[in-house]
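The values are calculated or read from the model by the stated rules, or taken from the named source; none is laboratory data. Not measured: the values here are computed from a predicted model. Cβ sites come from the backbone with ideal geometry, for glycine too, and all protein chains shown count toward neighbours. Each accessible area value is taken on the protein alone, full model and side chains, heavy atoms only, with ligands, DNA and RNA left out. Shrake-Rupley method; radii C 1.70, N 1.55, O 1.52, S 1.80 Å.
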Amino acid sequence: MMCRLEKSEKKSDYGTEKERRLQIGMKSFGEGKVEKWKSSVVSRSRMKIWMIRATTTVLLWTCVVQLTALGELWGPRVLKGWPSCFTPPDSSSSNSALAVKMSSVPAKVHLPPKRVYKNNGYLMVSCNGGLNQMRSAICDMVTIARYLNVTLIVPELDKASFWADPSEFQDIFDVDHFITSLRDEVRILKELPPRLKRRVEQGAFYSMPPVSWSNISYYLHQILPLIQRYKILHLNKTDARLANNGLPLEIQKLRCRVNFDALRFTPQIEELGRRVISLLRWNGPFLVLHLRYEMDMLAFSGCTQGCNNEEVEELTRMRYAYPWWKEKVINSDLKRREGLCPLTPEETALTLRALDIDPNIQIYIAAGEIYGGERRMESLASSYPNLVRKETLLQPSDLRFFQNHSSQMAALDYLVSLESDIFVPTYDGNMAKVVEGHRRFLGFKKTILLDRRFLVHLIDQYNDGILNWKEFSSSVKEAHANRMGSPTRRVVIPDRPKEEDYFYAKPEECLQLPDEHLSSST
């Protein structure tokens, strides 16, 4: 019995020991499996993290490369200071300085507060003419919109004139600066709100040309009711639609603010203009000659002095081809004697010599293609051999994007004209007048305003041998002693606004000069 009991106890102890070992083995096996599982999970987590990091790094690098490439084309200036893997490094100090300059951005832009007013409607305008004709018209339209309490849509530029320039407003002017710099005066939108845009597309708006040289009362009493009635008014002609004189001081000052501050050219045009000016300054003083002796001007004016028979016929055909050029039969000699023709290159050379302009000075020709080419420029080139143009100062690649865009080319000439030591226009067209006024605003820079009527009379006498060179030169100098862009009073002719001085040529309300500094001469 005891044997059986001991045996059973031993057996029981053996079973217990076996179970204990089995449990320990199972525990060891389970712990090993857990450890293996844990290490597998950890390694897989590390692999995922590594893959996420690698993918993120590749994506970020791709974004940087793409942004840098885009920045070199048209991106924000801050990108243009970054090193690029697409362009070789330039070690020149001037390029380095330019990179630093372009990469620096102001910390904060201070915008004028928005003007709050009840909107009476929307004003759309289509400008007509060349760059400077449109420029002054835009100034007028902003002023009109301000005093009618309407929203102005960014003006549409002329694409149907002789120049056939397809440029939009934003291709020539900095549109964002235009809008934000005037936000305390008038609300300007790039386009109509969608609902009103659909109305325009359906023809549900009123379009008309306003009356030329009108006072602000015309717009308040006749134009404003039309805007309130139709909500959208389209003015399809804008040149010379606001009077020169008889306007409140705040209206005249706003015209100046738009012209001299809000209408800034695009960064691309401004940068290229600075480059041209820098190249000219490197070689000393320079004179800008606005030689308005281009085909369109001669055809329009009917001035054919010095042209051969074939050229006269070509210019006449062109004049008849444009129905809106109303004057068809023109006596060129009579018009010239009345001082209504631009000076020829030959007449210009004589005049500059008579005024004792240094024959070694650089003369920048601010104009399009001169009619008659080198044959007509021969006299001027022999008297002043340092003739230059933007096409000779810049590489063809610099002007590639300006080709067939005459208004953008004119914008470049405008910038150079403002900065010249002397500005000489040979005709009192829109560019001559607007640049003249802008140079007055910048401190009465020297601008020689040629008396063409008197000059052609003197030139004919000199060519006929009636005057010798000394007499001719003395007479030219005396006639222009007070025509150098000095402070003058604007001539007012109450019933003949076309004959009085143009506001944008003499914006005296914006010059803040005492009356004693203003003479009555031109």
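When you count, for each residue, the other Cβ atoms within 10 Å and take the mean per peptide, how do 432-439, 421-428 rank with the highest first?
Top to bottom by mean Cβ count within 10 Å: 432-439, 421-428.
Quick one: if the Förster radius is 41 Å, what FRET efficiency do Glu271 and Asp495 give, using the C-beta to C-beta distance and rounding to 0.05?
0.35
Cβ under 15 Å from Ile357's Cβ, Ile357 left aside: what net charge do those residues give with Lys, Arg +1 and Asp, Glu -1?
Here the count lands on 0.
Report the label-to-label distance for His110 and Lys326 in nanometres (one decimal), using points 7 Å from each Cα along the Cα→Cβ vector.
5.0
State in Å² the accessible area per residue of region 170-315; use a 1.4 Å probe, count heavy atoms of protein chains only, and round to the nearest integer.
Per-residue accessible area for region 170-315 comes out at 46 Å².
Can you tell me which aspartates and glutamates have their Cα less than 18 Å from the Cα of Lys231? Leave out same-chain residues fewer than eight positions away.
Partners found: Glu191, Glu201.
Taking a probe of 1.4 angstrom, what is the accessible area of Thr392 in Å², to the nearest 10?
Accessible area of Thr392: about 90 Å².
Top to bottom by accessible area (1.4 Å), largest first, where do Leu412, Leu355 land?
Greatest to least solvent exposure: Leu355, Leu412.
With the dipole of region 122-261 worked out from charges on the C-beta (+1 for Lys and Arg, -1 for Asp and Glu) around the Cα centre, which of Leu123, Pro225, Asn215 lies farthest toward the positive end?
Pro225
In sequence order, what are the phi-derived ³J(HN,Hα) couplings for region 410-424 according to the Karplus relation 6.51 cos²θ - 1.76 cosθ + 1.60 with θ = phi - 60°, rounded to whole Hz, with x for glycine and proline?
Residue by residue, region 410-424 yields 5, 4, 5, 4, 4, 4, 5, 4, 4, 8, 5, 6, 9, 10, 10 Hz.
Once amide H atoms are placed 1.01 Å from N in the peptide plane, what residues at a sequence separation of 5 or more from Val388, or on another chain, have their amide H within under 5 Å of its amide H?
Under 5 Å from the amide H of Val388 lie the amide H atoms of Ile363, Tyr364, Ile365, each far enough along the sequence or on another chain.
Evaluate the charge dipole of region 271-394 about its Cα centre and quote only its size in Debye, nearest 20, assuming +1 on the Cβ of each Lys and Arg and -1 on the Cβ of each Asp and Glu.
Result for region 271-394 is approximately 380 debye, rounded to the nearest 20.
Starting from the Cα of Lys445, draw a straight line to each of the aspartates and glutamates and keep only those under 14 Å, dropping any in the same chain fewer than 8 residues away.
Within the straight-line cut-off, Lys445 pairs with Glu419, Asp421, Glu436.
Determine how large the accessible area of Val491 is when every protein chain is in place; take a 1.4 Å probe and give Å² rounded to the nearest 10.
Taking all protein chains as shown, Val491 has close to 50 Å².
Which residues' amide hydrogens lie under 5 Å from the amide hydrogen of Thr151, considering only partners 5 or more residues apart or on another chain, with H built in the peptide plane?
Close amide H contacts, sequence-distant or interchain: Asn120, Gly121, Tyr122, Leu123.
If R₀ is 41 angstrom, what is the calculated FRET efficiency for the pair Ala479 and Lys159, using the beta carbon separation as r and rounding to 0.05?
After rounding, the FRET efficiency stands at 0.50.
Mark the label point 7 Å from the Cα of Glu191 along Cα→Cβ and return the residues of region 133-168 whose backbone N is within less than 13 Å of it.
The answer is 154.
Expressed in nm to one decimal, what extension gain is obtained for the pair Lys446 and Leu387 from 0.36 nm per residue of sequence separation less their Cα-Cα distance?
19.3 nm
Counting Lys and Arg as +1 and Asp and Glu as -1, each charge on the Cβ, what is the dipole of region 282-329 about the Cα centre in debye, to the nearest 20?
Computed charge dipole of region 282-329: roughly 220 debye.
Using only Cα atoms, what is the ratio of the radius of gyration of region 122-261 to 2.2 N^0.38 Å?
For region 122-261, the normalised Cα radius of gyration is 0.99.
With a 1.4 Å probe and every protein chain kept in, tell me what percent of the accessible surface of region 380-424 is carbon plus sulfur.
Carbon and sulfur together cover 52 percent of it.
Determine the dipole magnitude for region 122-261: charges of +1 sit on the beta-carbon of Lys and Arg, -1 on that of Asp and Glu, nothing else is charged, the reference point is the Cα centre, and the result goes in debye to the nearest 20.
600
Under a crude label model (7 Å from the Cα following the beta-carbon direction), how far is Asp398 from Arg317 in nanometres?
Here the answer is 3.7 nm between the modelled labels.
Could you please report the charge total around Arg317, scoring K, R as +1 and D, E as -1 over all other residues with beta-carbon less than 12 angstrom from its beta-carbon?
Once positives and negatives cancel, what remains is -2.
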